[in-house]
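Notes follow once the structure below has been shown.
The values are calculated or read from the model by the stated rules, or taken from the named source; none is laboratory data. As the structure is a computational prediction, the values presented were derived from the model and not from experiment. Neighbour counts are summed over all protein chains in view; Cβ atoms, including those assigned to glycine, are modelled from backbone coordinates with ideal geometry. All accessible areas refer to the heavy atoms of the entire protein, side chains included, with ligands and DNA or RNA removed. Shrake-Rupley method; radii C 1.70, N 1.55, O 1.52, S 1.80 Å.
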Amino acid sequence: SSGINAEYGDMKAFQLLLVRHMTTRPTVISNRNLPKPYKLEKGKKYAWCTCGQSQKQPMCDGSHRGSGFAPIKFVAEESKTALLCCCKNTNNGPLCDMTHVKVLMDNTVGRFRSSKTLEAGDAPLVSARLPAYQSLTEGKTYLWCACGASKTQPFCDGSHSSGSIKPVSFTAEKTKSRWLCMCKQTKTAPFCDATHLDVEVQTATEGKPLSTS
């Protein structure tokens, strides 16, 4: 269970809202559209913003009036911290469904820049809170950065040289694009395993180890 009980009311009205939402979706233009960990209280009613104009994201502040949008109202079934969509392109509103990753993928590769060199015993840096959608060539061998300090993310540039964290070498089995981990917390390196959706990672500071973010 998602812990959320949506209240859509009249189905025809909701279907009309859905059509409007699908044809006039807000555009994701920056990292302010990353999903937001939000503390929900059991039994409390919420109104999730669908227009993207609210100044109280991810919740509604009435900015949608006259736009054809309407907030999605829901009741929290349990007290928990949920990852709520802020890009407004989710197909599982109000919850994040990772759609923001596809929309923002062009901004993830090479977005992190760091001059820090890791030292022995250092934990990996969170280079970015989103994975990188990278084109791979069949038979080609790559070095995935595991330390998080490389300036050529998601690949290694030798920044790990004096530390204990070493890059992961892998050879592409097919020519295709794959999601490569950028938070450096994946258990299936070099590939993303959705660990970046954990609240701890989404609230981390990019360029710092997870434990000290």
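Selection within region 175-188: residues that are among the basic types (Lys, Arg) and modelled with pLDDT under 90. The member of this set that is nearest to residue 129 (Cα to Cα) is 178.
Kindly establish whether residue 189 is open to solvent by less than 60 Å² (accessible area, probe 1.4 Å) and under 20 Å from residue 101 (Cβ atoms). First the steps, then the outcome.
Values: open to solvent by less than 60 Å² (accessible area, probe 1.4 Å): yes; under 20 Å from residue 101 (Cβ atoms): yes.
Criteria met by residue 189.
If you check residue 112 against the conditions, is it more than 23 Å from residue 184 (Cβ to Cβ), buried (at least 20 other Cβ atoms within 10 Å of the Cβ) and either modelled with pLDDT of 70 or more or not small (Gly, Ala, Ser) (or both)? When the stated conditions are applied, residue 112 does not pass them. Taking region 115-136 as the range and being surrounded by fewer than 19 Cβ atoms within 10 Å (Cβ to Cβ) and modelled with pLDDT of 80 or more as the test, the residues that pass are 123, 133, 135, 136. Scanning region 148-159 finds no residues that are of a type in the set (Gly, Ala, Ser), farther than 30 Å from residue 82 by Cα and open to solvent by 70 Å² or more (accessible area, probe 1.4 Å).
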